Amino acid sequence: MKKYDFIVVGGGMSGICAAISAARNGVKTALVHNRPVLGGNASSEVKVSINGAGRVGNFRHAMESGVILEILLKNKKINVGHSFNILDHINWEFIKNESNIDLYLNTSMMSANVENDEIKSIKVFQVTTQKEFELAADLFCDTTGDANLAYEAGADYIIGHEARSTYNESLAPEEATKHTMGSTLLFTTRDLGKPVKFKRPEWAYEMTKEYIGRRCVHELSNGYWWCEVGGDDELSTTENAEEIRDELIKYAYGIFDYIKNSGDYPEAENLMLDWFGAVPGKRESRRIIGDYVLNQNDLEAHRRFSDTVAYGGWGMDDHTVGGIRAEFFKKANNKNEKGTIWHPVTDVYTIPYRSLYSRNIKNLYAGGRCLSVSHMALSSTRVIGTCSVIGQAIGTGAAIATKYKILPREVNEHMKELQQLLIKDDAYLPFIKTEDKEDLISNTACKITTSSYQENCGPEMVNSDFARRIYDDENAWISQQMAEDGEFIKVDFEQTTPIKEVVLRFDPDFNRTVATSIAETHRNRQVEEMPYQLIRDYKIEFFKDGEKVKELEVDDNYQRVNKHYVELDVDSIKITILKNYGDPYARICDLRVY
Ligand SMILES: Cc1cc2nc3c(=O)[nH]c(=O)nc-3n(C[C@H](O)[C@H](O)[C@H](O)COP(=O)(O)OP(=O)(O)OC[C@H]3O[C@@H](n4cnc5c(N)ncnc54)[C@H](O)[C@@H]3O)c2cc1C
């Protein structure tokens, strides 16, 4: 039996970020995923676009950084046509690049072997090889969406809406229910450039104007989140997943028939159905119970937890129980009835570490949409960007647990170390400042000068408490209009200093999505190439005794975080920004030297 430090089950974006974060911090990791491609709902099998703490169109500089941003920037650079298949392979490449990760695709976790409230091993079945085998680890992470590992291991979990009194949530129903949000099959269409007929298959439901009613058919190129089934009294999103898929096919074909043949959408004349999802995207099922259950009140108060390890900010987007089968869908004129109700979250809120591990299975983390949150909180935390930063927090927590040979709960004793490691790995933890004891700029005598700068964005801002814009504070060095030969920032150490690494963080515009999407409206909000502010070409010069001892040149950069490894004794380092993707100013959010 193969043994790991950490096994992640479920290779959606949350599981990917958990595995990568752990592996990069030295943890021997296995990623077990039951599908042929990585990404979960963000894969080519489902095609959901990655949103996060900023609502689309109102990002409030809240876009996630860390591993998810690294993946998305690479994707933005090379996947210009918004192909989800290419995104699948970028995810695959990111995992394959980590020597500390063994990837098991097409491999389903079947059961867990638990002793003394700890998972010792899991049984898995790999469908492509027809092999059943067992994998052991000290720590496990459930990012299956459905909390399948937690369920198999006997972890405490909840499903459905809590009663209002449970967490004193004003938006929760009076009585608890087993209701969840439903599942959806998306589709895309193609314009053939000539009229094309569509005949509704006999098995597809006939959709009437009454039924479609006020549903938002805002685009004909793809459809439709509100074609949603399950989570009501009849169909559970886990136990009836197969029936739900069949129902969704019948509804979605019916909707397309209405679009093609009702006469309400003459612009659909040339459209054919091009791609149709086979794996219903799920929104909600089981959630584990951890040491803390994040709830509506925390989100509304933008609560700042002392054990903050992640954050969210999407509104509470609480879909109507029953989805397309709900009675209101037949009452097209009832303007108060909607497919979802948005309850505002007016600023980012934080997510505590205590919500990321099981309260009774001692070595089990749970991320993505099966973490320890109430139904109301899940209606916000479930977006993929938030699931991803939760994954990064878990992977980094697992690194601390592995380092000290302790259990997830005991990592609470090392909270500051965990938070600072997350920040070092470019996670954003609202209100938690960088305290980097190893950084030579903040810990030795040196002077920073620049070719030019703007008010409040002077040289010292390149090594400040936060490495990104927060509200109106840029927290960056920003030059005046860029000169022909670039703009520079220079660090002069008082004494000759041995250095090993220079880390630069650039500005990817935290206010604008860069994710792949099937929706034109979503794509149209993006810049065509890379974010304007991001630095493309730059050079780093290293000096000793007035002589240049080394020069590094970087062309065509597309990442926010750039690490340069050197072994040098230096008196000064000069970084010259030569080109960005269109902004008139040079910007560096953060500069560290080790
Ligand atoms: C139609 C639709 C529209 C949505 N719109 C948005 C949106 O616009 N933006 C947004 O950010 N979010 C959106 N969401 C929500 C979001 O997609 C999910 O909440 C999110 O994907 C959850 O991420 P996850 O990593 O927890 O799980 P998933 O993405 O579901 O990934 C979990 C993976 O684990 C695998 N798995 C399950 N069981 C096992 C097992 N036993 N062994 C191995 N692997 C297993 C699953 O196959 C799955 O691929 C939408 C969801 C749907 C369905």
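Here are some notes:
- Lone unmet requirement of (1) within 14 Å of the ligand (Cβ to nearest atom); (2) in a helix (DSSP H, G or I) for Met181: (2)
- Any hit, segment 40-59, residues being near the ligand (Cβ under 8 Å from one of its atoms), in a helix (DSSP H, G or I) and within 18 Å of Arg525 (Cβ to Cβ): yes
- Residue within segment 210-223 that is of a type in the set (Gly, Ala, Ser), part of a loop (DSSP other than H, G, I, E, B) and within 13 Å of the ligand (Cβ to nearest atom) present: no
- In this entry, Asn85 is excluded by the filter for residues that are more than 21 Å from Ala401 (Cα to Cα), assigned to a helix (DSSP H, G or I), away from the ligand (no atom under 13 Å from the Cβ) and open to solvent by less than 20 Å² (accessible area, probe 1.4 Å).
- Looking at Thr381, Thr396, just one residue is within 16 Å of the ligand (Cβ to nearest atom) and either in contact with a His (Cβ under 8 Å, 6 or more places away or on another chain) or under 26 Å from Ile95 (Cβ atoms) (or both), and that residue is Thr381.
- Flag for Gly145 being touching a helix residue (DSSP H, G or I) at 6+ places or on another chain (Cβ under 7 Å), under 21 Å from Ser21 (Cα atoms) and at pLDDT 95 or above: yes
- Applying the criterion of at least 2 residues that are surrounded by 16 or more Cβ atoms within 10 Å (Cβ to Cβ) and either free of Cβ contacts under 8 Å to residues at least 12 places away in the same chain or in contact with a Lys or Arg (Cβ under 6 Å, 6 or more places away or on another chain) (or both) to the strands (runs of 3 or more DSSP E) found wholly in segment 549-594 leaves 561-580.
- Filtering segment 260-277 to residues that are open to solvent by 70 Å² or more (accessible area, probe 1.4 Å) and without any contact (Cβ under 8 Å) to a residue 12 or more places away in the chain leaves only Pro266.
- Answer residue from segment 476-496, given it is within 18 Å of Val462 (Cα to Cα) and assigned to a loop (DSSP other than H, G, I, E, B) and is most open to solvent (accessible area, probe 1.4 Å) among those: Met482
- Test: Ala163 is away from the ligand (no atom under 12 Å from the Cβ), open to solvent by less than 40 Å² (accessible area, probe 1.4 Å) and out of contact with any helix residue (DSSP H, G or I) (no Cβ under 9 Å at 6 or more places or on another chain): yes
- Check on Lys178, without any contact (Cβ under 8 Å) to a residue 60 or more places away in the chain, open to solvent by 40 Å² or more (accessible area, probe 1.4 Å) and within 29 Å of Ala42 (Cβ to Cβ): yes
- Listed by first and then second residue, the pairs linking a residue in segment 146-168 that is under 14 Å from Arg359 (Cα atoms) and of a type in the set (Val, Ile, Thr) to a residue that is more than 16 Å from the ligand (Cβ to nearest atom) and open to solvent by less than 40 Å² (accessible area, probe 1.4 Å), with Cβ atoms under 8 Å apart and 6 or more places separating them unless they lie on different chains, are Ile158/Ile289.
- Residue check: Ile499 meets all listed conditions (1) farther than 16 Å from Arg592 by Cβ; (2) assigned to a strand (DSSP E or B) but one, namely (1).
The values are calculated or read from the model by the stated rules, or taken from the named source; none is laboratory data. Note that the coordinates shown come from a computational prediction; the quantities given were computed from them, not determined experimentally. Cβ: placed from backbone, ideal geometry, glycine included. Neighbour counts: every protein chain shown. Side chains are part of the model used for accessible areas, which takes the heavy atoms of the whole protein and leaves out ligands, DNA and RNA. Shrake-Rupley method; radii C 1.70, N 1.55, O 1.52, S 1.80 Å.
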